[in-house]
Amino acid sequence: MLTIKNLHAEVEGKEILKGIDLEIPRGEVHAIMGPNGSGKSSLASVLAGRENYTVTQGEVIFDGKDLLEMSPEDRAREGVFLAFQYPVEIPGVSNLHFLKTALNEIRAYKGLPALEAKEFLKLTKEKQQLVDFNANLMNRSLNEGFSGGEKKRNEIFQLAMLDPKLGILDETDSGLDIDALRIVANGVNKLRSADKSFLVITHYQRLLDYIVPDFVHVLYDGRIVKTGPKELALELEEKGYDWLKETVVHENV
Amino acid sequence: MRNSNEIIDDIANKEYEFGFTTDIEMDIAPAGLNEDTIRFISAKKEEPEWLLEWRLKGYQAFKKMQMPGWQHFKLPEIDFQGVSYYAAPKKKKQLSSLDEVDPELLATFEKLGIPLNEQKALSGVAVDAVFDSVSVATTFKEKLGEMGVIFCSFGEAVKHHPDLVKKYLGSVVPHSDNIFAALNAAVFSDGSFVYIPKGVRCPMELSTYFRINAQNTGQFERTLIIADDESYVSYLEGCTAPMRDENQLHAAVVELVALDHAEIKYSTVQNWYPGDKEGKGGIYNFVTKRGICKGKSSKISWTQVETGSSITWKYPSVILQGDDAQGEFYSVAVTRNRQIADTGTKMHHIGRNTKSRIISKGISAGEGDNTYRGLVQVGPRAHNARNFTQCDSLLIGNRCGAHTFPYIESRNKSATVEHEATTSKIGEDQIFYLNQRGIDTEKAVALIVNGYAKEVLNQLPMEFAVEAQKLLSITLEGSVG
């Protein structure tokens, strides 16, 4: 599904990603953990195509296509979905209208006709229930005045609606209390399937109690320094990232 | 990968959609402004003596007046003697029905999306089409006539309803109100006249479509709307002009009179030619619009979507004279490239319990400059007057400007006057967020801007709200960078 090879990227001349290799097969959930500033969110931004990142080396193949050649909107239309760490507010644009526009843009890209109003509403209702999203938020302006938890839940709801091949969750757990965290995680778990992959970026192991990954990767200073099964997350939680720093330094010597 | 700036530059070069010209034989007065010009116009229109006198008074006032100096932009030199004050398509013969209108003119309006053939017209909308100085056709006149609604060109009103015209002409905007109003009084050519009789709710949207076509002319139309007791009317005006290198002056006057319990809703979708990217050409849109809520519990509501013109300079206002009267002003003004807008409103609270509401949304892009200027005035008799003003500015890019000049003068302690203002910028974050959901940059900007302007667009009659949304999107295409 997603193959990242030797990916280097910089922001304002400063190298942030220093050679990432990662393979996420179809249907798998991979977690990326790492200390602050290790490049976790940068990786998400580069994959989604944020303009201020420059890729200097390497390649990213998504479903057989060169992802880095595509505009951000085409990446989205191909099936890359980024659940933002800080979802933006857009006053005056209803959540529903926004989603309808997005869905129909993606459908048009695939050569499908726009959804009829009735079908769209049916789909909305279905997904809303699936991920336990508050119907009252549907007609409100996109994220405007939403609480932190509501914004994150809206991201998961959008993910359910747009049905991407790859969902990237960028620190979706940050700022969530335990109840909201559980709801968000349940939503993601319901969306897991054999043909959908996830890249879950998190600072804390807590989220991974609910969204159990197939693999855990540890990002440190722009590189993946360790990969392991889900238990690796527990080990990190217990020993902290300092333990890792020592290992990395040790290996480098 | 192309970045969004490049895409934007591509679209920015898109041309003004309505910039074509119509090739038609015209009657054009020689350039210049003097008493003879005014007599010429008056004679062309076969006007009664009293109207000529009124025009001449306007001209005397104009001659004594100076150009204002308080506006927030550099007023360009205007050569009043270099303009022709009358341009009309040559009449082949006396017109008695639409079938006799020059096909070239019908085709022009059709191309502008304003079919004058009643079968093709939007149902529920009656149109008066004004081409340069004259009205070429008014649709659904007979149907409206059955209910006693008068909807005709100003020239016809002078001929057929002189008493009404005489009574109300200049009663809201006097001939000496300001220099452009005085000029208009002297040389006004045509425009629309509306009278809604007592107790009648006008069954159709009334609308006037203004088209400037001739070169080196100005357009000086005059609109007068009178809503008698307990009547209601919704009126809409639209405007376009060809692309020309030199600036053209549009100095119109609109007067609204609402009697007891009457309501007038006046909407404008202004898309005059804005000039090119370097600011060359375009219309100077210097217009005086004022309504009076003369009767008790009367209501006047102005809604404007201003996307065109090189300079837009106007303050649609309401004099709230009757007790319990209400005035509203909803505005979206867009400036991009080198466009300038200095617009807003004045609410004069005179009667008791009068209310006013002002919602202004300025959008500046490119090197556009957008100024909101508003006056809320509460007189000593206006007990319990209330005003709410919200004034928002949206900036796109970092070379544009937004300014706000709210004036409040209250002489009554029981009045409540509220003012809220915000300034925001379309952020790259917002655009990227929408991109990441599969929406391209162009659509993303349209979505954000329409969301921002929604409160105002919602005020437009339904038939036009969609058009206005599209217009906003087109106007701002390629403005983010």
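For A:Thr3, B:Thr37, B:Thr303, which order do you get if you count the other beta carbons within 10 Å of each Cβ and list the fewest first? Each step should come with its number before you reach the end.
Working: A:Thr3 16, B:Thr37 22, B:Thr303 27.
Fewest-to-most Cβ neighbours within 10 Å comes out as A:Thr3, B:Thr37, B:Thr303.
Which whole number gives the average, over all residues in B:437-449, of C-beta atoms from other chains lying within 10 Å of the residue C-beta? Mind dumping the intermediate values first?
Numbers: counts 16, 21, 10, 6, 3, 0, 4, 3, 0, 1, 8, 6, 2.
Mean shielding by partner chains, rounded to a whole number: 6.
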Handout entry: Whichever lysines have a C-alpha closer than 17 Å to that of B:Lys314, once near sequence neighbours (fewer than 8 apart) are set aside
Key = B:Lys74, B:Lys289, B:Lys346, B:Lys361
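Within chain A, which whole H helices from DSSP have a Cα span along their axis of at least 15 Å and a mean Kyte-Doolittle hydropathy of -1.0 or more, if any? Don't skip to the answer; put the middle values down first.
Working: long enough: A:95-109 (21 Å, -0.12); A:117-130 (20 Å, -1.02); A:148-162 (21 Å, -0.57); A:178-191 (20 Å, 0.66); A:231-252 (24 Å, -0.77).
Helices meeting the criterion: A:95-109, A:148-162, A:178-191, A:231-252.
Compute the Cα gyration tensor for the range A:43-187, then decide on rounded, prolate or oblate, letting a ≥ b ≥ c be the square roots of its eigenvalues: rounded whenever a/c is under 1.5, prolate when a/b is larger than b/c in the other cases, and oblate in all that remain.
Numbers: a/c = 1.85, a/b = 1.25, b/c = 1.48.
Note, shape of the range A:43-187 comes out oblate.
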Practice task
Indicate the gyration tensor shape class of the range B:300-351 (rounded, prolate or oblate), computed on the Cα atoms with a ≥ b ≥ c the square roots of the eigenvalues: a/c under 1.5 is rounded; otherwise a/b larger than b/c is prolate and the rest oblate.
Solution key: prolate
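To the nearest 500 deg cm²/dmol, what mean residue ellipticity at 222 nm is calculated for the protein assembly as shown from DSSP H runs of n ≥ 4 alone, each contributing -39,500 (n - 2.57), summed and divided by the residues? Write out the running numbers ahead of the final one.
Details: 19 runs with 213 residues, N = 734.
Helices in the protein assembly as shown give a 222 nm mean residue ellipticity of -9000 deg cm²/dmol.
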Problem - Cα-projected label distance for A:Val11 with B:Glu53, points at 7 Å along beta-carbon direction, nm - result: 7.7 nm
Practice task
Give, as a single signed number, the net charge of other residues whose beta carbon lies under 13 Å from the beta carbon of B:Asn34, with Lys and Arg counted +1 and Asp and Glu -1.
Solution key: +1
Problem - For A:Gly19, residues with placed amide H under 5 Å, excluding near neighbours - result: A:Leu7, A:His8, A:Ala9
Completion exercise
Interchain or sequence-distant (5+) residues whose placed amide H lies within less than 5 Å of the amide H of B:Thr268 are B:Glu237, B:Thr303, B:Gln304, B:Val305
Fill in the blank from the handout: Under a Gaussian network model of chain A whose springs join Cα atoms within less than 10 Å, the largest fluctuation of A:Leu99, A:Leu43, A:Leu169 belongs to A:Leu99
Problem - All lysines inside 24 Å of A:Lys40 as judged from Cα atoms, apart from same-chain residues fewer than 8 positions distant - result: A:Lys5, A:Lys14, A:Lys18, A:Lys65, A:Lys151, A:Lys152, A:Lys165, A:Lys196, A:Lys226, A:Lys230, A:Lys239, A:Lys245
Exercise for the section: Largest first and to the nearest Å, give the Cα extent of the range B:295-389 along each principal axis. Expected result: 45, 19, 16
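Looking only at Cα atoms, what is the convex hull volume of chain A per residue, in Å³? Write down the numbers at each step before the final one.
Working: hull volume 31.9 nm³, N = 253.
Expressed per residue, the convex hull around the Cα atoms of chain A is 126 Å³.
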Practice task
Name the aspartates and glutamates eligible as straight-distance cross-link partners of B:Lys355: C-alpha to C-alpha under 13 Å, and not fewer than 8 places from it in the same chain.
Solution key: B:Asp323, B:Asp324, B:Glu328, B:Glu418
Completion exercise
When all Cα-Cα pair distances of the range A:142-202 are considered, the percent exceeding 13 Å is 60 percent
Problem - Largest-first principal axis extents of the Cα set of the range B:339-481 (Å) - result: 56, 34, 25
Exercise for the section: Just grab the label-to-label distance for A:Leu115 and B:Phe80, each label 7 Å out from Cα along the Cβ direction, in nm (one decimal). Expected result: 6.2 nm
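Under 9 Å from the Cβ of A:Ala114, count the other residues' Cβ atoms, weight Lys and Arg +1, Asp and Glu -1, and hand me the total.
Details: positive: A:Lys100, A:Arg107; negative: A:Glu116.
Summing Lys and Arg as +1 and Asp and Glu as -1 gives +1.
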Practice task
State the Kirkwood hydrodynamic radius of the protein assembly as shown in Å, one decimal place, computed from all pairs of distinct Cα atoms.
Solution key: 28.7 Å
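Please report B:Tyr168, B:Tyr85 as a ranked list, fewest other C-beta atoms within 10 angstrom at the top and most at the bottom. Mind dumping the intermediate values first?
Values: B:Tyr168 18, B:Tyr85 25.
Starting with the residue having the fewest Cβ neighbours, the order is B:Tyr168, B:Tyr85.
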Completion exercise
Applying the gyration tensor rule to the Cα atoms of the range A:88-131 (axes a ≥ b ≥ c; rounded if a/c under 1.5, else prolate if a/b exceeds b/c, else oblate), the class is oblate
Practice task
Work out Dmax and Rg for the range A:134-248 from the C-alpha atoms and quote the Rg first, both in angstrom.
Solution key: 15.7, 51
Handout entry: Kirkwood Rh, Cα atoms: Rg over Rh of the range B:242-368
Key = 1.07
Handout entry: Cβ-based exposure ranking for B:Tyr315, B:Tyr195, in which fewest neighbours within 10 Å come first
Key = B:Tyr315, B:Tyr195
Exercise for the section: Place the peptides B:445-458, B:380-393, A:54-67 in order of packing, highest mean first, counting for every residue the other Cβ atoms within 10 Å and averaging per peptide. Expected result: B:445-458, B:380-393, A:54-67
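Any read-out appearing in this document is the output of simple, stated calculations on the displayed coordinates, not a laboratory observation. It should be emphasised that the depicted structure is a prediction, and the values quoted were computed from it without experimental measurement. No Cβ is skipped: glycine too gets one built from the backbone with ideal geometry, and neighbour counts run over all protein chains shown.
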